[in-house]
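Chemist: Following this message is one structure expressed as structure tokens.
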Amino acid sequence: MPAGLPVTFPRLFNTIGLRHSGPYGMVVPRSVQQAAAGEPITVFGDGTQSRAFTHVADVVRALIALIAEPKAVGQVVNIGNTEEVSMNGLAEKVRK
């Protein structure tokens, strides 16, 4: 860390929100687009792999809290959700 520069290193994981689009291969918008088009939802492998998705508003709140937290300076901080969903489970939720 450069001397005198107060830096925190947030690591964002699977952030999603209302205007999220799928050009970068993100699973949620791609699945929604497929379901809306009446297409099968693509699930790779056996679908048991899981992800934890975090709403963008929660990520923004976490980033603001980090800015205000002196103990965060110089730290790497993971920002995400601990509630996992399998890809098969996600496909079912999107279909509903």
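The values are calculated or read from the model by the stated rules, or taken from the named source; none is laboratory data. These numbers come from a predicted model, not from an experiment. Backbone-built Cβ (ideal geometry, glycine too); neighbour counts: all protein chains shown. Just so you know, the surface numbers come from the protein's heavy atoms only, side chains and all, with ligands and any DNA or RNA stripped out. Shrake-Rupley method; radii C 1.70, N 1.55, O 1.52, S 1.80 Å.
Chemist: Roughly speaking, what is the stretch gain from Leu5 to Glu92, that is 0.36 nm per residue apart minus the C-alpha to C-alpha distance, in nm to one decimal?
Modeler: 26.7 nm
Chemist: In debye to the nearest 20, how big a dipole does the chain give about its Cα centre with +1 on each Lys and Arg Cβ and -1 on each Asp and Glu Cβ?
Modeler: Using only the charged Cβ atoms, the result is roughly 180 debye.
Chemist: How far apart, in nanometres, would the label points at His20 and Glu39 be if each is projected 7 angstrom from Cα along the Cα-to-Cβ direction?
Modeler: Simple spin-label model gives 1.8 nm for this pair.
Chemist: Under 5 Å between amide hydrogens, which residues at least 5 positions from His55 or on another chain qualify, with H placed 1.01 Å from N in the peptide plane?
Modeler: Hits under the 5 Å cutoff: Ile16.
Chemist: How large is the accessible surface per residue of the chain, computed with a 1.4 Å probe and reported in Å² as a whole number?
Modeler: Details: 6870 Å² over 96 residues.
Counting only protein heavy atoms, the per-residue value for the chain is 72 Å².
Chemist: Based on a Kirkwood Rh over C-alpha pairs, give the Stokes-Einstein translational diffusion coefficient of segment 11-60 at 37 °C and viscosity 0.692 mPa s in µm²/s.
Modeler: D, rounded to a whole number, is 271 µm²/s.
Chemist: OK, next. Work out the FRET efficiency for Lys71 and Phe13 from their Cβ-Cβ distance, taking R0 = 25 Å, and round it to the nearest 0.05.
Modeler: Working from the Cβ atoms, E equals 0.75.
Chemist: At a 1.4 Å probe radius, carbon and sulfur cover how many percent of the accessible area of the chain? Walk me through the intermediate numbers first.
Modeler: Details: 3970 of 6870 Å².
Accessible surface attributable to carbon and sulfur in the chain totals 58 percent.
Chemist: What full-extension length gain, to one decimal in nm, is calculated for Val32 and Val56 as 0.36 nm per residue of separation minus the Cα-Cα distance?
Modeler: Fully extending the segment from Val32 to Val56 adds 6.9 nm.
Chemist: For Cα Rg over 2.2 N^0.38 Å, one of (1) 1.26; (2) 1.19; (3) 1.36 was computed from the structure I shared and the rest are decoys. Which label?
Modeler: (3)
Chemist: Here's a follow-up. Mind checking which of His55, Asn88, Gln33 is farthest towards the positive end of segment 29-94's charge dipole, using Cβ charges of +1 (Lys, Arg) and -1 (Asp, Glu) about the Cα centre?
Modeler: Comparing the listed Cα positions along the dipole, His55 ranks first.
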